[in-house]
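Data first, discussion second: the structure below is written as structure tokens.
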Amino acid sequence: MRRYETIFITRAELSPEELDTVIDRYKTIIASFNGVVVRVDIWGKRKLAYLIQKRNEGIYVLVDYVGENAVRAEFERNLKYDENILRYQSVKLSDTVNMEDIEREIADAKKATVVDDVPAEGHETEKTIEDAKEDDVPQVDEPLTDVIKDAVTDNEKGGEE
């Protein structure tokens, strides 16, 4: 088995649900050809360097997967005919893959996402607007006009001496 990485650009108008549907479709294609998806990174909406199909923005998605050449070929064939895909490019990362290392990498990635989703104990997860207003506003003991008057009189005294 070989390890591949494919990046593709989807239309920027896709909703998050539609994007998830597109990604799930390609994960299914990889799995149906006995491939293994290592990770999927959604890079988000970005401006394109040049117009592609009269569009100047797209959503970038990176898919890291393991499989035979037939997996990559079928994956790219489906990308080519999908209206939602503006461009794609695949890169072979390695010719041989140790599946134990891949499984460990997938498990580590799942642990990392679980840890990121759970807040640490004793930490606030959300602030209300009222809490933010109270925390961000400095408390002033005396009016600002009195401070300015005192500063002006101090400068006038300092200039005469």
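Some points to look at:
- Selected residue (only one of 46, 55, 77 is touching a Lys or Arg at 6+ places or on another chain (Cβ under 8 Å) and basic (Lys, Arg)): 55
- Within the stretch 53-77, the only residue that satisfies the criterion of being over 17 Å from residue 40 (Cα atoms) and surrounded by 15 or more Cβ atoms within 10 Å (Cβ to Cβ) is 74.
- Residues satisfying the stated conditions in the stretch 88-110, i.e. assigned to a helix (DSSP H, G or I) and either closer than 20 Å to residue 74 by Cβ or touching a Phe, Trp or Tyr at 6+ places or on another chain (Cβ under 6 Å) (or both): 102
- Condition met for residue 79 (at pLDDT 90 or above and over 19 Å from residue 6 (Cα atoms)): no
The values are calculated or read from the model by the stated rules, or taken from the named source; none is laboratory data. Keep in mind that what you see is a predicted model, and the values were worked out from it rather than measured. When we count neighbours, we look across all protein chains shown, and the Cβ atoms used for this are built from the backbone with ideal geometry, even at glycine.
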